Amino acid sequence: MGGALKALGWSTGLLLCGTAAAGGVVLQTDSGGQVRFPEFLGSVPAVVLPIYARCPQTCSILAASWGKLSREYTGAPVRWVVLSFDPGDRPEDVQRFRQRWGLEQWIGVCGDSLAIAAVLRQLGIQVRPQPFGYDHPNVAAVVAPDGRVVRLILGVLPRLRDVQLSLLEARRGSTGLGILEGVFLRCFRYDPAAARYVVDWAFVAQLLSGVGLLVGMLVWWRWERKRGRR
């Protein structure tokens, strides 16, 4: 696992991406149907979690953490997708994995080697086959409704606030944000050194100064208006 991250130059945290997710790739759902990725994601942002069902190490921890996070998440609609990158995984394998690790509200998908390679390539995620499994990063991709990969979130313990802010970024580029959501998102910035979102104190100070000036002008206007009536 660590070798894969080192080879890719990744560390735990978040990465910013700008690639468009794969278009028109046919995948199988764990309920027996077929979908085209990323079209089936619809008009809402998505979190895509790559795993393989027989993983003996971190996939179970990763899945359990994301399952807990998705249950705690409150906000605009999100499509949660668990993607098996093992062509040997059948739909029923993905379904069992999903149910075992608390991913009930997630959609499970799998596919042949060509389809999986196309999706992973466009998501910017690499895995390496090994004699007894795969060398892979612990990562999930936040995908905008237009198919653009907004962020890759690495690590087995994702932060809820980082996911919420990444999803807001995904919506901002496609469906748009409300005024309050836009201001809230602007109060944070991604810090590569800390590998997470942090408060943008410079913007917060400017915002508070602007609000203070506006309140002061309002108070002054009301005082002048009241004095003029005397």
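The values are calculated or read from the model by the stated rules, or taken from the named source; none is laboratory data. All values reported here derive from a predicted model rather than from experimental measurement. With ideal geometry, Cβ positions are generated from the backbone for all residues, glycine too; neighbour counts draw on all protein chains shown.
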Exercise for the section: Identify all residues within the stretch 78-117 that are under 18 Å from Ser31 (Cβ atoms), of a type outside the set (Phe, Trp, Tyr) and assigned to a helix (DSSP H, G or I); write none if there are none. Expected result: Pro91, Glu92, Asp93, Val94, Gln95, Arg96, Arg98, Gln99, Arg100, Ala115
Handout entry: the stretch 9-43: number of residues that are assigned to a strand (DSSP E or B) and modelled with pLDDT of 80 or more
Key = 9
Problem - Condition met for Gly75 (under 18 Å from Val44 (Cα atoms) and touching a helix residue (DSSP H, G or I) at 6+ places or on another chain (Cβ under 7 Å)) - result: yes
Exercise for the section: For the stretch 72-95, state whether one or more residues are in contact with a Ser or Thr (Cβ under 7 Å, 6 or more places away or on another chain), closer than 19 Å to Leu154 by Cα and touching a residue at least 60 places away in the same chain (Cβ under 8 Å). Expected result: no
Practice task
Search the stretch 99-123 for residues being of a type in the set (Gly, Ala, Ser) and touching a helix residue (DSSP H, G or I) at 6+ places or on another chain (Cβ under 9 Å), and hand back the single one that is surrounded by the most Cβ atoms within 10 Å (Cβ to Cβ).
Solution key: Gly108
Completion exercise
Per the filter on the stretch 118-136, residues over 21 Å from Glu169 (Cβ atoms) and part of a loop (DSSP other than H, G, I, E, B) are Gln126, Val127, Pro131, Phe132, His136
Fill in the blank from the handout: When Gln95 is run through (1) surrounded by 22 or more Cβ atoms within 10 Å (Cβ to Cβ); (2) out of contact with any helix residue (DSSP H, G or I) (no Cβ under 8 Å at 6 or more places or on another chain); (3) at pLDDT 95 or above, the failure sits at (1)
